[in-house]
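The structure under discussion appears below in the form of structure tokens.
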Amino acid sequence: MKKISLLAFFLFLFSAVSYAHGPVRGKMTATVAIDASAADVWEVIKNFDDMSWHPGIKSTDGTGGNEKGATRVLTLADGGSITEFLKKYDAAKMSYTYKITDMSVVKTIQHSGQDEDVPVLAVDNYQGKLTVKKKGSGSEVIWVATYYRGYMNNNPPVELNEETADEQVTAVLEAGLASLLNKFEPGAQADIEFKMKR
């Protein structure tokens with residue numbers, strides 16, 4: 001009888017821990033092939049202070065150019081803003097890495113008796129990397145995003161959970177890569193490959 005009770009207790013404990021787990025870092029990789037030279041594609045996205053190629057960005061206000069530590073404030077087409085800084089820039093490898101440092105708040109919700117701010121992107125500790133590579137006679141653009149969900153405690157609200165974070169990050173990467181493809185292949189249907197690891 002005691003053995004059964006002990007087993008039931010541990011099964012209950014395991015299920016409770018699984019349900020109420022803390023945040024786990026996600027890694028989203030989006031890749032698209034473009035029928036244009038890597039140099040031409042890089043020319044469009046190489047300036048950290050210019051994201052006019054992304055339809056979700058209304059304007060970019062940057063300081064520091066492409067030097068490590070440069071910053072940019074993205075004003076979003078749907079309202080709100082995201083502030084990012086440049087962690088690494090490698091023109092020879094046609095790649096740069098950036099990190100979100102601040103975001104505007106969309107709304108404040110009540111969760112577990114506390115006020116919780118919901119930012120324009122439901123993530124925490126977000127880092128992105130954009131790279132252009134030669135592929136055959138064309139090129140390949142790889143956009144990698146690593147992040148945690150927006151709520152760093154257990155039992156997140158829907159607005160700040162993993163599913164919402166994944167959906168929003170996917171939308172950002174998809175819109176940007178599809179727009180980039182259409183600059184070189186107008187009207188082309190974007191065949192973007194997504195890989196998710198957590």
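Values in this text are rule-based calculations from the coordinates and carry no lab data. Treat the numbers as computed from the prediction; the structure is a model and nothing was measured. Methodologically, a virtual Cβ is constructed for each residue, glycine included, from the backbone with ideal geometry; neighbour enumeration extends over all protein chains shown.
Annotation for Lys68 and Gln114: the two label points, set 7 Å from Cα along the Cα-Cβ direction, are 3.5 nm apart. Remark on Val120: its backbone amide H falls under 5 Å from those of Ser104, Val106, a criterion applied only to residues 5 or more positions apart or on other chains, H modelled at 1.01 Å from N.
With a sphere of radius 13 Å drawn around the Cβ of Glu193, what net charge do the other residues whose Cβ falls strictly inside it have (Lys, Arg +1; Asp, Glu -1)?
On the way: positive: Lys135, Lys195; negative: Glu140, Glu174, Asp191.
Taking every Cβ under 13 Å from that of Glu193, the sum is -1.
Amide H neighbours of Met51 under 5 Å, at least 5 residues apart or on other chains, H built in the peptide plane: list them. Placed amide hydrogens put Thr60 under 5 Å from Met51. Per residue, the convex hull spanned by the Cα atoms of the chain measures out at 150 cubic angstrom. Among complete DSSP H helices in the chain, those whose alpha-carbon atoms stretch at least 18 Å along the helix's long axis and whose mean Kyte-Doolittle hydropathy reaches 0.0 are 2-19, 162-184.
When each of the peptides 158-170, 54-66 is scored by the mean number of other C-beta atoms lying within 10 Å of its residues, the order from highest to lowest reads 158-170, 54-66.
Given a Förster distance of 22 angstrom, what is the FRET efficiency for Arg198 paired with Thr101, based on the Cβ-Cβ distance and rounded to 0.05? Please report the intermediate quantities before stating the final value.
Details: r = 23 Å, r/R0 = 1.05.
Result of the calculation: an efficiency of 0.40.
Considering helices alone, the calculated mean residue ellipticity of the chain at 222 nm is -8000 deg cm²/dmol, with DSSP H runs of length four and up weighted by -39500 (n - 2.57) and normalised per residue. Computed from backbone phi with θ = phi - 60° and the Karplus coefficients 6.51, -1.76 and 1.60, the 3J(HN,Hα) list for the stretch 58-70 is 6, 7, 10, 10, x, 9, x, x, 9, 7, 3, x, 4 Hz; x is used for glycine and proline.
Are there any GluC sites (Glu not before Pro) in the stretch 58-143 that are in a DSSP loop and have at most 13 other Cβ atoms within 10 Å? List them by number. List each step's numbers first, then the result.
On the way: sites: Glu67, Glu84, Glu116, Glu140; in loops: Glu67.
Sparse-neighbourhood loop GluC sites (Glu not before Pro): Glu67.
Here is the list for the stretch 59-153: trypsin sites (Lys or Arg not before Pro) lying in DSSP coil, each with at most 16 other C-beta atoms within 10 angstrom of its C-beta, are Lys68, Lys93. If you sort the three axes of the alpha carbon gyration tensor as a ≥ b ≥ c, you get a/c of 1.5 or more for the stretch 37-80 and a/b no higher than b/c, which makes it oblate.
Given R₀ = 35 Å, what would the calculated FRET efficiency be for Lys93 paired with Arg25, taking r from the Cβ atoms and rounding to 0.05?
Numbers: r = 24 Å, r/R0 = 0.69.
Approximately 0.90, to the nearest 0.05.
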